[in-house]
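Below: one structure, written as structure tokens.
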Amino acid sequence: MTGYVGRFAPSPTGLLHAGSLVAALASWHDVRAHHGRWLVRIEDVDTPRCIPGAGEQILHQLARCGLVPDGPVLWQSHRGEIYQQALDQLIAQGLAYPCGCSRKDIEAAQTSPTERHHAQVYPGTCRAGLNGKPARAWRLNVQAVRKARGLPAVTRWTDRRLGEQAEDVEKEVGDFVLRRADGLWAYQLAVVVDDAAQGITDVVRGEDLADNTARQIVLQQALGLPTPRYMHTPLVLGANGEKLSKQNGAQALDLTDPLQTLNQAALALGLPLSSEKGPEQALQRWIAYKL
């Protein structure tokens, strides 16, 4: 596939664990299978949660596993001006507005219960004005984007693993945050702007991030940016049946034997065990296999 560019984008809120190595290997493998370029982005935009030095250690962990990016590493914490330009564009076009609602305000406005792990649906309280409240955050006006861009109510896309997907963002999410009340940039805006800046054609990431896709597509359309292809890979689960993550006690990778650790990630993706001399040789062997 000519011009294929993929990426791995960890958050340095801790070191890589078994689940994040699976995601890294999946994105690297897909790039190599398509003769493309593999980039790494450190998503350190949520600075209060980031651990000093973790980004550099993550890059070292990847290198120990033979996973070396094909270009400069992009750090989100250095890109505030770029995100501001994107927000200014949306404001100028009437596609974003200030919001004065607190979390309690949003919870009080709910008319139906929210599924576990899902954010409250924002009902558009400040869409027509702040009504005397001070501005706290900035939100995308999903309704205005649909009208301005001639978009259907339901956003549809085809996931390369999960198949046909659909979501009514306005109904199921509401007008989502672009800049948070604490002044930090929201994940959705940073990811969309950076995927476009890096020329990402294919996003391969864990299945837990699949429900972000519709919001990101709507925001791409609002900003006039291309939409990558998406593939969401199976999650590595912890002993409690939940996604293996830093929040539920996932341990940092043991890289005493990098090949053994990489083999464990490969097994989770359905790749065969490798008895090669080192990670680099194993990675080259796995390219011949489909995920």
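The values are calculated or read from the model by the stated rules, or taken from the named source; none is laboratory data. Remember, predicted model here, so these are calculated numbers, not experimental data. Counting neighbours? That spans all protein chains shown, and the Cβs are built from the backbone with ideal geometry, glycine included. Just the protein is used for accessible areas: all its heavy atoms, side chains included, with ligands, DNA and RNA removed. Shrake-Rupley method; radii C 1.70, N 1.55, O 1.52, S 1.80 Å.
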Would you tell me the accessible area of Thr47, worked out with a 1.4 angstrom probe on the heavy atoms of the protein chains, in Å² to the nearest 10?
70
So what is the 222 nm mean residue ellipticity for the chain from helices alone, if each DSSP H run of at least 4 adds -39500 (n - 2.57) and you divide by all residues, rounding to the nearest 500 deg cm²/dmol?
-10000 deg cm²/dmol
Ordering Asp30, Asp182 by how much accessible area each has at a 1.4 Å probe, largest first, what is the list?
Asp182, Asp30
Taking the Cα atoms only, what angle lies between the long axis of helix 213-223 and the longest principal axis of the chain, rounded to 10 degrees?
60
Please report, as a whole percent, how much of the solvent-accessible surface of the chain comes from carbon and sulfur atoms (probe radius 1.4 Å).
52
Cα→Cβ-extended label distance, 7 Å offset, between Thr47 and Leu267, nm:
4.2
The distance between the Cα centres of the stretch 154-232 and the stretch 6-34, in whole Å, is 18
To the nearest 10 degrees, how steep is helix 18-33 against the longest Cα principal axis of the chain, on a 0 to 90 scale?
80
Cβ crowding within 10 Å averaged over residues, with 85-94, 216-225 ranked highest first
216-225, 85-94
Classify the stretch 77-207 as rounded, prolate or oblate from the Cα gyration tensor: take a ≥ b ≥ c as the square roots of its eigenvalues, call it rounded if a/c is under 1.5, otherwise prolate when a/b beats b/c and oblate if not.
oblate
If you check each cysteine of the chain for another cysteine whose beta-carbon is under 4.7 Å away, which ones come up empty?
Cys50, Cys65, Cys101
Hey, of (i) 39, 37, 20; (ii) 32, 22, 19; (iii) 35, 20, 18, which did the structure itself give for semi-axes √(5λ) of the Cα gyration tensor in Å when calculated?
(iii)
Return the sequence-ordered ³J(HN,Hα) values of the stretch 60-76 in whole Hz as given by the Karplus equation 6.51 cos²θ - 1.76 cosθ + 1.60 applied to θ = phi - 60°, using x for Gly and Pro.
5, 4, 4, 4, 4, 8, x, 9, 10, x, 8, x, x, 6, 9, 10, 5
Accessible area, 1.4 Å probe, largest first: how do Thr256, Thr261, Thr227 sort?
Thr256, Thr227, Thr261
Yeah, the stretch 24-106 with a ≥ b ≥ c from its alpha-carbon gyration tensor (a/c under 1.5 is rounded, else prolate when a/b outruns b/c, oblate otherwise) is prolate
With θ set to phi - 60°, apply the Karplus curve 6.51 cos²θ - 1.76 cosθ + 1.60 along the stretch 141-157 and write out the HN-Hα couplings as whole Hz, x wherever there is a Gly or Pro.
8, 4, 4, 5, 5, 4, 5, 5, 9, x, 8, x, 5, 9, 8, 10, 7
Could you go through the stretch 254-263 in sequence order and give the Karplus-derived ³J(HN,Hα) for each residue, using 6.51 cos²θ - 1.76 cosθ + 1.60 with θ = phi - 60°, rounded to whole Hz, and x for Gly and Pro?
8, 10, 4, 10, x, 5, 5, 5, 5, 4
